[in-house]
Amino acid sequence: MGRMRDNSYGHQLKVLLVLVMVSGVVQAALWRLLYPLDYYDLSAPHAVRCGFDPLLIAAVMRAESGFDPRAVSPRGAVGLMQLMPETASWVARQLGMGEVTRDDLFDPSINVQLGIWYLAHLRDSFGGDLVLTLAAYNAGQTRVRRWVSQRDEELVEAEDLPWSETRRYVRQVLDDYVIYRRLYRSVPWPPGRRGT
């Protein structure tokens, strides 16, 4: 009788462990539904070329457009990376692509290339500071540069930003980036190399 009881507890423990593992798998699948890697094959080469972790770009696209290539903001920003048409035209000229139209920005391959290059331009303009880079992407580089010039402190945290929408945006991208790194740390890019 004692053996049966031990086996019964052993069986219950095994069932519990299986349920925990299945729950973990289901939970991971749900997290991946909430944090997809849409357009990863398209964005990752541009991200790597511009010195970004592709998972950061996924976090930016999630915050900007929710991965909707047809997204248009109330201010007129367009596509996956939510580019203003004037900014996109300037970037296209810098890249020697010629003129791009607003309608061109609905093409994910054009939008992602221009958006990632512009993000790299901002990163370089702000000395590699990710908070200021993301703030400038959201609020505009002139606005951020003016604010930075009025500060005595060099270190900037998202909470320091004076614009509530931009503060929320930067926090969201940074928080999402942490989640993307946890969920997809094993996704290889470039091919043959493990993600970090």
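Yes/no matrix, rows are residues, columns are (1) surrounded by 13 or more Cβ atoms within 10 Å (Cβ to Cβ); (2) more than 18 Å from the chain's Cα centre (by Cα); (3) among the basic types (Lys, Arg):
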| position | (1), (2), (3) |
| --- | --- |
| Phe52 | yes, no, no |
| Arg62 | yes, no, yes |
| Gly79 | yes, no, no |
| Ala92 | yes, yes, no |
| Gly96 | no, yes, no |
| Asp104 | yes, yes, no |
| Leu119 | yes, no, no |
| Phe126 | yes, yes, no |
| Arg145 | yes, yes, yes |
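Looking at (1) over 22 Å from Gly127 (Cβ atoms); (2) surrounded by 15 or more Cβ atoms within 10 Å (Cβ to Cβ), which is the one condition that is false for Arg75?
(2)
Would you mind finding the one in Leu37, Leu119 that is aliphatic (A, V, I, L, M), under 21 Å from Gln172 (Cα atoms) and modelled with pLDDT under 95?
Working: Leu119 fails: modelled with pLDDT under 95.
That would be Leu37, the only listed residue that is aliphatic (A, V, I, L, M), under 21 Å from Gln172 (Cα atoms) and modelled with pLDDT under 95.
Please go through (1) of a type outside the set (Phe, Trp, Tyr); (2) modelled with pLDDT under 85; (3) crowded, with 18+ Cβ neighbours inside 10 Å for Pro162 and return the number of the only condition it doesn't satisfy.
All conditions pass for Pro162, except number (3).
Going through region 128-140 one residue at a time, which ones are closer than 19 Å to Pro85 by Cβ and surrounded by fewer than 19 Cβ atoms within 10 Å (Cβ to Cβ)? Steps first, answer last, please.
Filtering region 128-140 for residues closer than 19 Å to Pro85 by Cβ gives 136-140.
If the condition is that a residue be closer than 19 Å to Pro85 by Cβ and surrounded by fewer than 19 Cβ atoms within 10 Å (Cβ to Cβ), then Gly140 is the only one that fits.
Cβ contacts < 8 Å: first residue more than 19 Å from Ser109 (Cα to Cα), restricted to region 66-77; second residue among the acidic types (Asp, Glu), any location; separation 6+ or different chain. Result?
Between residues of region 66-77 that are more than 19 Å from Ser109 (Cα to Cα) and residues that are among the acidic types (Asp, Glu), there is no close pair.
Pairs, please: C-beta under 7 Å, at least 6 apart or cross-chain, first residue more than 17 Å from Ser43 (Cα to Cα) and in region 78-103, second polar (S, T, N, Q) and open to solvent by less than 60 Å² (accessible area, probe 1.4 Å)?
Qualifying pairs under 7 Å: Glu99/Ser89; Val100/Ser89.
Looking at region 53-92, which of the residues that are of a type in the set (D, E, K, R) and under 26 Å from Asp129 (Cβ atoms) is modelled with the lowest pLDDT?
Arg75
When Gly51 is evaluated against the numbered criteria (1) at positive phi; (2) free of Cβ contacts under 8 Å to residues at least 24 places away in the same chain, which criterion, by number, is the only one it fails?
So Gly51 meets the others, but not (2).
The values are calculated or read from the model by the stated rules, or taken from the named source; none is laboratory data. It should be emphasised that the depicted structure is a prediction, and the values quoted were computed from it without experimental measurement. When we count neighbours, we look across all protein chains shown, and the Cβ atoms used for this are built from the backbone with ideal geometry, even at glycine. Heads up: the accessible areas ignore ligands, DNA and RNA and are worked out on the full protein's heavy atoms, side chains in. Shrake-Rupley method; radii C 1.70, N 1.55, O 1.52, S 1.80 Å.
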